[in-house]
């Protein structure tokens, strides 16, 4: 284990399942839409969201979307199909290559980051189109680790109406997924956004989820200072790198700030359901 401080991220999986399925059912059924739509990548996060949504709403009320690009790994499609088969949800497969390619061809020298962001946002377009067609809300798949580190595409994979996984660290996503019976090949495979060949989350980040989850838990949940974390045994360079990632990605975790001119500004003073009569 990295660091001298013992950090236990174990969760009560039965209680977590009860809370998260209740959250999905409550938040969706209070809207005009009574169903869910999920982009199913073949990875563990979207698999868990799909399992929870099927459990909360019934599989007939969940639409799983497989949205490969031509260079996507065939394993991703196969693993997504495993989830569809295991849950019994409805599904649709649509290749996004024809949507994405005109922009990629216009800028042939664009780097992998730009290409990946375009693919993620193309998938968001299909997700929200099918949200209207299926009359279901878009259910998110981002976990707490990704949200804190900013390891997400704004208005791409971060776009959703509700997010059942946003308060679970990646380590806890794995634990809950195993408890719910998600296929082991999905639980154990290296996390990847599958945006280009050989891409992995941990390879891009430069550290493992197991390492960073413990540090983030101390920084965020336990309110440790960076100095406290270093004293607890985490390398100074690692702490500084993670703190900087969390700090500079705050803009991804909030709605766009509105310049304040009046006494009741949306997002500052006009915040709650009571503000608009409910």
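What tally of residues in the range 29-66 results from selecting those that are over 16 Å from the mean Cα position of the chain (by Cα) and either at pLDDT 95 or above or buried (at least 24 other Cβ atoms within 10 Å of the Cβ) (or both)?
11
Of the helices (runs of 4 or more DSSP H) contained entirely in the range 79-165, not one carries at least 2 residues that are surrounded by 20 or more Cβ atoms within 10 Å (Cβ to Cβ) and at pLDDT below 95. Selection within the range 241-256: residues that are touching a helix residue (DSSP H, G or I) at 6+ places or on another chain (Cβ under 7 Å) and part of a helix (DSSP H, G or I). The member of this set that is farthest from residue 216 (Cα to Cα) is 253. Of all the residues in the range 58-72, those that are out of contact with any strand residue (DSSP E or B) (no Cβ under 6 Å at 6 or more places or on another chain) and more than 22 Å from residue 152 (Cα to Cα) number 3. Reported count of residues in the range 195-224, each being modelled with pLDDT under 95, assigned to a loop (DSSP other than H, G, I, E, B) and touching a helix residue (DSSP H, G or I) at 6+ places or on another chain (Cβ under 9 Å), is 6.
Summed over the range 208-240, the residues that are in contact (Cβ under 8 Å) with a residue 24 or more places away in the chain, loosely packed, with under 15 Cβ neighbours inside 10 Å and under 26 Å from the mean Cα position of the chain (by Cα) give a count of 1.
Within the range 242-260, is even one residue over 25 Å from residue 152 (Cα atoms) and free of Cβ contacts under 8 Å to residues at least 60 places away in the same chain?
yes
Among the residues of the range 93-110, are any within 19 Å of the chain's Cα centre (by Cα) and either in contact (Cβ under 8 Å) with a residue 24 or more places away in the chain or over 19 Å from residue 177 (Cβ atoms) (or both)? The answer is no, given that none of the residues of the range 93-110 is within 19 Å of the chain's Cα centre (by Cα) and either in contact (Cβ under 8 Å) with a residue 24 or more places away in the chain or over 19 Å from residue 177 (Cβ atoms) (or both).
The values are calculated or read from the model by the stated rules, or taken from the named source; none is laboratory data. Since the model is a prediction, treat every value here as computed from it, not as a measurement. All Cβ positions, even for glycine, are placed from backbone atoms using ideal geometry, and neighbour counts span all protein chains on display.
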